[in-house]
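Asker: Quick one: this structure, given as structure tokens, is what I'll be asking you about.
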Amino acid sequence: MSAKNDGAPWRVPVTLILVGLAVLGLALGPAVGPAGIHLRDVVDAILGGLGFPAGEVSPITRAIVWDLRLPGTVTAAAVGAILGMCGAVMQAVTRNALADPYLLGLSSGATVGAVTAFLAGASLLMPVGAFAGALVALALTLTIAHAGGRASNASIILAGIAVSALGAAVTSLLIFRAGSSNAYQEIIGWLLGSIQANGWSGAGLAVVSLLVFGPPVLASSRLLDGFGLGDLTMESLGIPAGVVRLAFLCAVSLLTAVAVSLSGAIGFIGLVMPHIARLLVGRGNAVVLPYSALLGAIFLTYAEVGSRTLVQPEQIPVGVITALAGAPVFGLLLIRTQFVGAR
Amino acid sequence: MSLLSFRPLVVGLAVLLAAGCAPGGSPAPDASSPSGTGEVVIENCGMPVSFPASPQRIVAIKSTSVDMLFALGLADRIVATAFLDEEVPPEYREVLREVPNISDNAPTQEALLALKPDFIYAGWASNLSVGGPGERAHLDRLGIGTYVSPVACEDAGADSPVFNEEIVFSEVAELGRIFRIDASGLVASQREMLASVEPVVSGPRTLWYSSGTATPFVAGGTGAPAFMMRHLGLDNVVAEVAKPWVSVAWEVVASREPELIVLVDSVWNTKAHKAEVLAANPAMRQLPAVAESRYLSVSFAEGAGSITTIPALVRLAGELTG
């Protein structure tokens, strides 16, 4: 079982570094930003927000730190963790290294929902529309995949592609019909991924979803390992592979629907983080799942800080940063895999 | 298909050349008097467009074009409107009663050609493209003159010139030449109006909010809104960005504590909805300007740098001092 332990020697130092980076990112999020708030005021605003005795800060400063920056950072960390973990699960259950959390058409379904809400004049309801759209896409994909009875791995992936294409076409039609520059501005921001400025309600939803769905998924890592053996082997061991896969797909899709409703369709995290995790800590899902989550959280936390601070005072959609950073990393990983494979 | 089938075309071209109507064969346009019959050639958004005669059948795309045609007294030549940003004002209704609004978007070429226009007046460069009415060069070959408001030329991006009233006045003058009318009176009255606008002393910090929930899209330092804020004496909180419009972080907008917010009102995104977004934002709702609804409102066309921009300045100045 050498393949399973190839990252093991590095596990302790890697863990220490990652936890350090995560803590630093969580501190950086509320501390830096284009509003240029003094660090002491940041600390006072957070202490005050937590209900501790703290120095006086202006209501605006307090609102920026406590109601914009901190929930934005927490949302980014939770969404990043969700996407990283869900990507790892998707890659395991489909035995496909290119799978990501949006595999079942979720991002394009969510976009249709968000765009519909926006065009109906309810941009505040875009997250709700996105969640509903993601669920519709999920239902549609699973219906198509199971239409002929038992859904094979390939039929699920292909159904997902079909639903994605349909969603993209509907979105294009809606945008084309709308034609206004305002609509483009808002919808492109959504397509590229932007953390919604909805304060603690969004952050709370992300954290609670992660805490409810995360532990059971992490605890089922051995079941996920089973998919690597093939459905037939699993069934010979008494595990109903099709049913288990469906359960995982539904759980992961619900989580992803929450994520996409809070931040739009942020790409590359779900695809890339599991690969980086395998590189750093080895192949078993017992380690790949939590480390993918940790890496996703770190990555999106820093990307969110970058979106606010790289081109001040302008804001870059966070998804642009994750793609800019994620795509080259993915390319390097592929090159490395080819070299390893050639050895 | 034989070569013969092209003969009528060749003959037609020869006749055109003989008549001196081919591009380059025209007399100097500046020599033609407003009422003259000479061909007028205009360079519009980097493209030469020629007008052999004063256009009679106009399709006006976007509200800014309709407003301009009314201001110039040419509204009776409008055969159709399209892609309007606001309800047609009551004073236009009598003239536009029989005029169809053919599309909520840029109209397709077929719908457009069916109206047999000889002039398309577009508020945005993107209104004239394949998939919509068609490319300008193509429309030109069909004998349809096109004109795009200079403020909205496609390349007017990040390094666009700082907006000022002369951009609108040059549009008025060019339209005067195209239609062979004397437009100097309109320019003179707008100059007078602009001169009458008194900036408020030490005006409030002002945010010009266009749209956006996750990220606000606001006026920067170079567009028509920046021009309007300067003339009103308002202190634009995002003045340092050298762009007409910019996406900034909410914390930037909030930390600059605007005391007054200008909301852009359009049919596809109303001011009431924008006020809701501001009231729902956890930082913005802390601002007294939001809590007390200290809002001014402009129409989309007024804020776009159009013939209604200066009249809107007069109105806003009245609201600020009144």
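The values are calculated or read from the model by the stated rules, or taken from the named source; none is laboratory data. None of the values given here were measured: they were computed from a predicted structure. In this analysis, Cβ positions are derived from the backbone assuming ideal geometry, glycine residues included, and neighbour counts consider all displayed protein chains. Please note that ligands, DNA and RNA were not included when accessible areas were found on the heavy atoms of the full protein model with its side chains. Shrake-Rupley method; radii C 1.70, N 1.55, O 1.52, S 1.80 Å.
Asker: Filter the helices (runs of 4 or more DSSP H) completely within segment A:135-239 down to those with at least 3 residues that are exposed (fewer than 13 other Cβ atoms within 10 Å of the Cβ) and hydrophobic (A, V, I, L, M, F, W, C).
Answerer: It comes to A:153-178, A:199-219.
Asker: Oh, and also: What are the residues in segment B:207-233 that are within 12 Å of another protein chain (Cβ to nearest Cβ) and part of a loop (DSSP other than H, G, I, E, B), if any?
Answerer: Matches in segment B:207-233: B:Gly212, B:Thr213, B:Ala214, B:Thr215, B:Pro216, B:Gly220, B:Gly221.
Asker: Name the residue, out of A:Thr94, A:Thr61, A:Thr73, that is among the polar types (S, T, N, Q), open to solvent by less than 10 Å² (accessible area, probe 1.4 Å) and within 14 Å of chain B (Cβ to nearest Cβ).
Answerer: So the residue among A:Thr94, A:Thr61, A:Thr73 that is among the polar types (S, T, N, Q), open to solvent by less than 10 Å² (accessible area, probe 1.4 Å) and within 14 Å of chain B (Cβ to nearest Cβ) is A:Thr73.
Listed here are the residues, each with its yes/no results for (1) touching a Phe, Trp or Tyr at 6+ places or on another chain (Cβ under 7 Å); (2) closer than 20 Å to B:Tyr295 by Cα; (3) buried (at least 18 other Cβ atoms within 10 Å of the Cβ).
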| site | (1), (2), (3) |
| --- | --- |
| B:Ser189 | no, no, no |
| B:Met193 | no, no, no |
| B:Thr213 | no, yes, yes |
| B:Leu234 | no, yes, yes |
| B:Val241 | no, no, yes |
| B:Glu251 | no, yes, yes |
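Asker: Answer with yes or no whether B:Val151 is under 30 Å from B:Glu276 (Cβ atoms) and either not in a helix (DSSP H, G or I) or not aliphatic (A, V, I, L, M) (or both).
Answerer: Criteria not met by B:Val151.
Asker: Can you tell me how many residues in segment B:160-172 are open to solvent by 50 Å² or more (accessible area, probe 1.4 Å) and either out of contact with any helix residue (DSSP H, G or I) (no Cβ under 7 Å at 6 or more places or on another chain) or of a type in the set (Lys, Arg) (or both)?
Answerer: Of the residues in that region, 3 qualify.
Asker: Please find, within segment B:282-299, the residue that is nearest to the other protein chains (Cβ to nearest Cβ) out of those that are open to solvent by 30 Å² or more (accessible area, probe 1.4 Å) and more than 18 Å from B:Leu234 (Cβ to Cβ).
Answerer: B:Gln286
Residue by residue, here is whether (1) over 21 Å from the mean Cα position of the chain (by Cα); (2) open to solvent by less than 10 Å² (accessible area, probe 1.4 Å); (3) within 30 Å of A:Ala219 (Cβ to Cβ); (4) of a type in the set (A, V, I, L, M) holds:
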| residue | (1), (2), (3), (4) |
| --- | --- |
| A:Val42 | yes, yes, no, yes |
| A:Asp67 | yes, no, no, no |
| A:Ala78 | no, yes, yes, yes |
| A:Leu98 | no, no, yes, yes |
| A:Pro101 | no, yes, yes, no |
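Asker: I need the full set of residues from segment A:316-343 which are open to solvent by less than 40 Å² (accessible area, probe 1.4 Å), within 14 Å of chain B (Cβ to nearest Cβ) and either part of a helix (DSSP H, G or I) or at positive phi (or both), in order please.
Answerer: Passing the criteria: A:Val318, A:Gly319, A:Ile321.
Asker: Another question, then. Can you tell me which condition A:Ala120 does not meet? The list is (1) in contact (Cβ under 8 Å) with a residue 12 or more places away in the chain; (2) open to solvent by 30 Å² or more (accessible area, probe 1.4 Å), and all the others hold.
Answerer: It is condition (1) that A:Ala120 fails.
Asker: Follow-up question, since we're still on this one. Any residue at all in segment A:299-315 that's open to solvent by 10 Å² or more (accessible area, probe 1.4 Å) and either of a type in the set (Phe, Trp, Tyr) or more than 14 Å from every other protein chain (Cβ to nearest Cβ) (or both)?
Answerer: Yes - at least one qualifying residue is present in segment A:299-315.
Asker: Quick one: is B:Ala125 touching a Cys at 6+ places or on another chain (Cβ under 7 Å) and open to solvent by 10 Å² or more (accessible area, probe 1.4 Å)?
Answerer: So B:Ala125 passes the test.
Asker: Only residues in segment B:253-281 that are more than 8 Å from chain A (Cβ to nearest Cβ) count as the first member; pair them with residues that are surrounded by fewer than 18 Cβ atoms within 10 Å (Cβ to Cβ) and modelled with pLDDT under 90, Cβ under 7 angstrom, at least 6 apart or cross-chain, and list the lot.
Answerer: Qualifying pairs under 7 Å: B:Val267/B:Glu86; B:Val267/B:Glu87.
Asker: Just to verify a result, which residue in segment A:224-239, among those that are closer than 15 Å to A:Leu289 by Cα and not hydrophobic (A, V, I, L, M, F, W, C), is nearest to the chain's Cα centre (by Cα)?
Answerer: A:Asp225
Asker: Checking B:Ala304 against (1) of a type outside the set (Asp, Glu); (2) open to solvent by 30 Å² or more (accessible area, probe 1.4 Å); (3) in contact (Cβ under 8 Å) with a residue 60 or more places away in the chain; (4) facing chain A (nearest Cβ under 9 Å): exactly one of these is not met. Which one?
Answerer: The number of the failed condition is (4).
Asker: Condition check: more than 12 Å from every other protein chain (Cβ to nearest Cβ) and more than 24 Å from A:Val320 (Cβ to Cβ). Does A:Ser164 satisfy that?
Answerer: The answer is no for A:Ser164.
Asker: Output the residues belonging to segment A:112-134 that are more than 8 Å from chain B (Cβ to nearest Cβ) and over 18 Å from A:Arg177 (Cα atoms).
Answerer: Once the filter is applied, which keeps residues that are more than 8 Å from chain B (Cβ to nearest Cβ) and over 18 Å from A:Arg177 (Cα atoms), segment A:112-134 yields A:Leu125, A:Pro127, A:Val128, A:Gly129, A:Ala130, A:Phe131, A:Ala132, A:Gly133, A:Ala134.
Asker: Hey, another quick one. Return yes or no: is B:Val246 touching a Gly at 6+ places or on another chain (Cβ under 8 Å) and either in a strand (DSSP E or B) or open to solvent by 40 Å² or more (accessible area, probe 1.4 Å) (or both)?
Answerer: yes
Asker: Collect the residues in segment A:72-103 that are more than 24 Å from A:Ala286 (Cα to Cα) and hydrophobic (A, V, I, L, M, F, W, C), keeping them in residue-number order.
Answerer: Hit for segment A:72-103 is A:Val74, nothing else.
Asker: Does B:Ala226 qualify as being open to solvent by less than 30 Å² (accessible area, probe 1.4 Å), at pLDDT 95 or above and not basic (Lys, Arg)?
Answerer: Spelling it out, B:Ala226 is indeed open to solvent by less than 30 Å² (accessible area, probe 1.4 Å), at pLDDT 95 or above and not basic (Lys, Arg).
Asker: Same structure again: State which residue is modelled with the lowest pLDDT when the search covers only segment B:100-115 and only residues that are touching a strand residue (DSSP E or B) at 6+ places or on another chain (Cβ under 9 Å) and open to solvent by 30 Å² or more (accessible area, probe 1.4 Å).
Answerer: So the residue we want is B:Asp104.
Asker: From the list B:Ala275, B:Ala279, B:Ala317, which residue is in a helix (DSSP H, G or I) and open to solvent by 30 Å² or more (accessible area, probe 1.4 Å)?
Answerer: Unique residue meeting the criteria: B:Ala279.
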